[in-house]
Every structure is written in C-alpha cells, then in structure tokens.
1. Kindly indicate whether Asp90 is within 16 Å of the ligand (Cβ to nearest atom) and surrounded by fewer than 24 Cβ atoms within 10 Å (Cβ to Cβ).
2. Looking at (1) within 15 Å of the ligand (Cβ to nearest atom); (2) out of contact with any helix residue (DSSP H, G or I) (no Cβ under 9 Å at 6 or more places or on another chain), find the lone condition where Val274 falls short.
3. When region 117-152 is examined, which residues are found to be more than 18 Å from the chain's Cα centre (by Cα) and assigned to a loop (DSSP other than H, G, I, E, B)?
4. Pick out the one residue from Ala261, Ala236 that is hydrophobic (A, V, I, L, M, F, W, C), more than 19 Å from Pro124 (Cβ to Cβ) and not assigned by TED's automatic domain parsing to the domain that holds Val46.
5. Looking at Gly116, Gly82, can you tell me which residue is without any contact (Cβ under 8 Å) to a residue 24 or more places away in the chain and touching a strand residue (DSSP E or B) at 6+ places or on another chain (Cβ under 7 Å)?
6. With the checklist (1) under 19 Å from the mean Cα position of the chain (by Cα); (2) among the β-branched types (Val, Ile, Thr); (3) more than 20 Å from Leu136 (Cβ to Cβ) in hand, flag the one item Thr195 doesn't pass.
7. For region 265-305, which positions are in a helix (DSSP H, G or I) and free of Cβ contacts under 8 Å to residues at least 40 places away in the same chain?
8. Any idea how many residues of region 212-255 are surrounded by 20 or more Cβ atoms within 10 Å (Cβ to Cβ) and either farther than 19 Å from Pro197 by Cβ or under 16 Å from the mean Cα position of the chain (by Cα) (or both)?
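The values are calculated or read from the model by the stated rules, or taken from the named source; none is laboratory data. The model shown is predicted, which means the values in this text are computed figures rather than measured ones. So basically every Cβ, Gly included, is an ideal-geometry build from the backbone, and we count neighbours across all protein chains shown.
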Amino acid sequence: MRAARVLAIGSLADIVVEHVPVPVPNEDQLLVKVGFAALNPIDYKVALHGHRGGREFPLTLGFDAVGTVAAVGSAVSSVSVGDRVCLMTDIMAPGTAAEYVLARERNVAVVPAEIGDTQAAGLPLAGLTASQALDLAGLEAGQSVLIHAGAGGVGHLAIQIAKRRGAIVYATSSSRHLDLLAELGADHPIDYHATPPGRFAGRVDLVLDTQGGAVAEATVAAMRPNSVHVSIVGFAPAGAGRDDVRVKTMLVEPRASELAALLGMMADGSLRVVVDQVTELGAFVTAILALHDGHTSGKRLIAIR
Ligand SMILES: NC(=O)c1ccc[n+]([C@@H]2O[C@H](COP(=O)([O-])OP(=O)(O)OC[C@H]3O[C@@H](n4cnc5c(N)ncnc54)[C@H](OP(=O)(O)O)[C@@H]3O)[C@@H](O)[C@H]2O)c1
C-alpha cells in the first residue's frame with residue numbers, strides 16, 4: 001500500500017510516499033481502508049523533531065481519518081467489516097496517511113450516514129482536543145471563554161462546541177478570518193494583529209490557548225483572579241508571575257464515546273468541519289508545508305482513495 005513516510009527526523013520536503021506492506025490486525029485490532037486522512041500540526045512536529053520521543057523511524061504520518069472497516073480481529077465486537085468509521089489513533093501509533101491503518105475499538109466511532117467523508121475525516125483529533133480542553137477548563141453555560149486561533153483546526157471546532165455548551169465566546173484570528181469566526185458563532189471575533197491579549201483576556205473566565213509563548217504569557221498576565229488557562233501546546237506559560245490563575249496543560253486522548261458524541265453534534269447540525277483544502281496523497285509534502293505555514297482555516301485533508 002502507499003503511505004506518507006518520514007524516513008528520519010529532518011525536513012518536511014524529505015517526506016516520501018512509498019509502498020509498504022498492508023498491516024495485519026491482531027485479535028483486538030481492526031483494519032481500516034482509509035478514504036481521507038486529516039493533517040494536524042503534530043504531523044510536522046513528528047517529522048521535524050520526533051516530538052515526545054520514543055518514536056522509531058521510518059514511520060507513517062497521520063493521526064486521524066475516515067474509512068471503511070476491512071477486517072476485524074476475533075476480539076472486536078463493536079464494529080464490523082463494511083462499517084464506515086472515523087478514528088483517532090493512539091498518540092504513539094500514527095499511520096492514517098496510508099491506504100490502510102490499524103486501530104482498536106477505543107479509537108473509532110461509526111459515522112452516521114448523513115455525515116460526509118470529508119466532515120468525518122477532519123473531526124477526530126481536532127474535535128476531541130477542543131472538547132477535552134473545554135472539559136478540563138470546566139466550561140459551564142453562561143461562562144465566557146477565549147479561544148486563541150479560532151480559525152484553526154482545533155479553534156474552529158472549539159468555538160462551535162463552546163457555543164453549544166452555552167458559553168460567550170471570544171476568539172482570535174487575523175483580519176482575513178474574522179468573518180469565519182462570526183459564522184462559527186463567536187460573539188467577539190478579535191484581530192490578533194490589531195488587539196493584543198492584554199486588552200481582552202481580563203474579560204473571560206476561561207482561556208483555550210493554542211499558541212503558547214508570548215501570546216500565552218500576555219494572556220495569563222491579563223486574566224482575572226481564579227480564571228482558568230488551558231494550554232494545548234504541551235507546556236504551561238512561564239514567567240507570567242501569577243499564582244491566582246489556574247494554568248493547566250493537556251494531551252488529547254482517543255475516546256470512542258466522545259467521538260461518537262461529536263458525530264452526533266454534526267448529525268444534528270450544531271457542528272461542522274471547515275475544509276481548507278483536500279490534497280491527493282501523492283502531493284503530501286505540498287499539503288504539510290502549507291499546514292506548517294500556520295494560517296490554515298479549519299482542516300487540511302489528504303485524499304487516499
Ligand atoms: N495537546 C494536544 O493534545 C493538542 C492537540 C491538537 C493540537 N495541538 C496543538 O495546538 C496547536 C494548534 O493546532 P491546530 O490544529 O488548531 O493548528 P492550525 O490549524 O495549524 O492553526 C492555524 C491557525 O492559527 C492561527 N494563528 C496563527 N497565529 C496566531 C496568533 N498569534 N493568534 C491567533 N491565531 C493565530 C491562524 O489564523 P490566521 O490565519 O488568521 O493567522 C490559523 O487559522 C498546535 O501547536 C498543535 O500541535 C495540541
């Protein structure tokens with residue numbers, strides 16, 4: 001089968017699409033024939049830095065996808081051959097940017113018929129991150145939440161999930177994405193080039209931070225006492241000098257029941273994936289370089305079929 005592979009840590013331009021054997025499921029695994037995979041920043045982080053260590057190269061990129069179950073192990077009971085599923089892999093078991101990928105039942109959810117393939121492909125990793133970050137923040141109806149990078153893969157889903165949970169949403173983007181933020185339901189779209197976080201971070205109860213660095217530090221410095229800052233970039237902001245702001249970090253986990261709940265929101269029309277671009281597997285390098293530029297709206301997908 002064809003797969004987008006990193007042969008060694010290095011440059012994104014060195015990623016190759018090459019032939020590798022189709023994997024064989026063991027008793028608690030299923031084999032999925034991939035239709036579309038999604039790209040996430042963790043793909044370029046793995047390719048450039050190895051990210052979180054312990055990975056052996058060469059490896060196949062991709063952490064989420066939609067496809068059809070092609071085979072199941074003897075201990076698999078919740079899905080059957082022929083089911084259309086979307087999935088997020090375990091974080092140390094990448095490989096959806098390929099014609100076939102292995103998964104476990106905890107990784108997958110059956111996709112309702114009314115949801116299209118590209119919608120389902122863009123959902124798993126970014127949607128679970130948005131949902132789990134808002135859970136960790138303790139978001140309740142009536143609270144206000146600031147979502148940095150509201151037009152990005154995680155942010156555009158977080159805006160919609162937060163609105164569905166009854167929040168007042170502040171979200172940041174450049175000026176070219178402000179209309180998208182409003183369309184997604186943001187009450188207060190903010191141009192981050194024109195308005196620094198110090199001017200608005202003090203108005204919210206919770207922050208979902210996708211940026212880290214100077215953005216996170218300026219945000220925490222301006223937050224109210226007892227507000228909550230959740231960072232998804234892997235480390236808490238340093239140097240803000242606040243012990244009255246609850247600063248938390250998280251790493252997304254695949255959870256089948258949560259993924260099914262997000263698909264339910266899609267089916268009832270309260271959640272949608274914005275698809276920036278769909279690229280053929282053979283042009284994987286072009287797509288990951290574009291993601292790495294950092295100005296994607298919604299999700300970039302890889303067509304495998
Ligand atoms: N901890 C976890 O489990 C976890 C899970 C998922 C993602 N992540 C991490 O979270 C980060 C975001 O992921 P993603 O998929 O949302 O990325 P993404 O889709 O690549 O984000 C792109 C967006 O970032 C916006 N942006 C760039 N600079 C900004 C700034 N200074 N302020 C506000 N927005 C800015 C861009 O808006 P404009 O084009 O308008 O500039 C663009 O829409 C990545 O570092 C990723 O690795 C962590």
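1. yes
2. Checking Val274 against (1) within 15 Å of the ligand (Cβ to nearest atom); (2) out of contact with any helix residue (DSSP H, G or I) (no Cβ under 9 Å at 6 or more places or on another chain), the one that fails is (2).
3. Of everything in region 117-152, those that are more than 18 Å from the chain's Cα centre (by Cα) and assigned to a loop (DSSP other than H, G, I, E, B) turn out to be Gly138, Leu139, Glu140, Ala141, Gly142, Gln143.
4. Going through Ala261, Ala236 in turn, just one is hydrophobic (A, V, I, L, M, F, W, C), more than 19 Å from Pro124 (Cβ to Cβ) and not assigned by TED's automatic domain parsing to the domain that holds Val46: Ala236.
5. Gly82
6. (1)
7. Within region 265-305, Ala283, Thr286, Ala290 qualify.
8. Number of matching residues: 5.
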